[in-house]
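Down below is the structure, laid out as structure tokens.
Rule-based calculations on the coordinates, nothing more; no lab input. As the structure is a computational prediction, the values presented were derived from the model and not from experiment. Cβ placement follows ideal geometry from the backbone for every residue including glycine, while neighbour counts extend to all protein chains displayed.
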């Protein structure tokens with residue numbers, strides 16, 4: 001399994017939004033527009049509900065919002081490079097600049113954990129994380145995951 005099986009040029013976003021819920025909604029709408037999810041409203045609601053339970057800001061200026069729903073057939077990843085620091089209630093109290101949204105079937109926890117671990121490998125590497133934050137093209141984001 002490779003992240004590039006789930007992350008494509010069309011699933012990389014460059015966002016100017018300045019509020020966490022705006023970003024989550026925009027990304028969830030992109031998932032619906034890309035037909036990754038059958039119900040954009042249900043996915044948006046699941047993402048926002050998950051965020052209300054506990055922040056998905058994991059630290060290092062990264063958030064990984066996620067939702068697993070019965071109506072989703074295959075996993076997908078959306079990546080967003082944010083134009084500004086965005087407050088996120090992160091574990092380390094720092095604002096977020098990178099968001100990786102994961103969606104997938106509710107019955108495939110192992111696949112979800114594998115995707116999460118691949119993303120984590122990239123963001124824990126300071127050089128790759130810096131390259132992601134400076135990315136100006138979808139290909140630059142994909143390049144950070146090329147060998148994973």
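For residue 128, the conditions (1) in contact with a strand residue (DSSP E or B) (Cβ under 9 Å, 6 or more places away or on another chain); (2) assigned to a helix (DSSP H, G or I); (3) crowded, with 16+ Cβ neighbours inside 10 Å; (4) without any contact (Cβ under 8 Å) to a residue 40 or more places away in the chain are fulfilled apart from (1). Residues that are touching a residue at least 40 places away in the same chain (Cβ under 8 Å) and over 23 Å from residue 147 (Cα atoms) occur in region 66-74; there is at least one. Among the conditions (1) touching a strand residue (DSSP E or B) at 6+ places or on another chain (Cβ under 8 Å); (2) loosely packed, with under 15 Cβ neighbours inside 10 Å; (3) in contact (Cβ under 8 Å) with a residue 60 or more places away in the chain, residue 9 misses just one, which is (1).
Scan region 68-78 and tell me whether some residue there is part of a loop (DSSP other than H, G, I, E, B) and under 25 Å from residue 143 (Cβ atoms). Yes.
Summed over region 79-97, the residues that are closer than 22 Å to residue 142 by Cα and either touching a helix residue (DSSP H, G or I) at 6+ places or on another chain (Cβ under 9 Å) or free of Cβ contacts under 8 Å to residues at least 60 places away in the same chain (or both) give a count of 7. Scanning region 98-116 for residues that are part of a helix (DSSP H, G or I) and surrounded by 12 or more Cβ atoms within 10 Å (Cβ to Cβ) yields 111, 112, 114, 115, 116.
Quick one: is residue 136 touching a residue at least 24 places away in the same chain (Cβ under 8 Å), part of a loop (DSSP other than H, G, I, E, B), farther than 20 Å from residue 66 by Cβ and over 14 Å from the mean Cα position of the chain (by Cα)? Considered against the rule, which asks whether it is touching a residue at least 24 places away in the same chain (Cβ under 8 Å), part of a loop (DSSP other than H, G, I, E, B), farther than 20 Å from residue 66 by Cβ and over 14 Å from the mean Cα position of the chain (by Cα), residue 136 comes out as yes.
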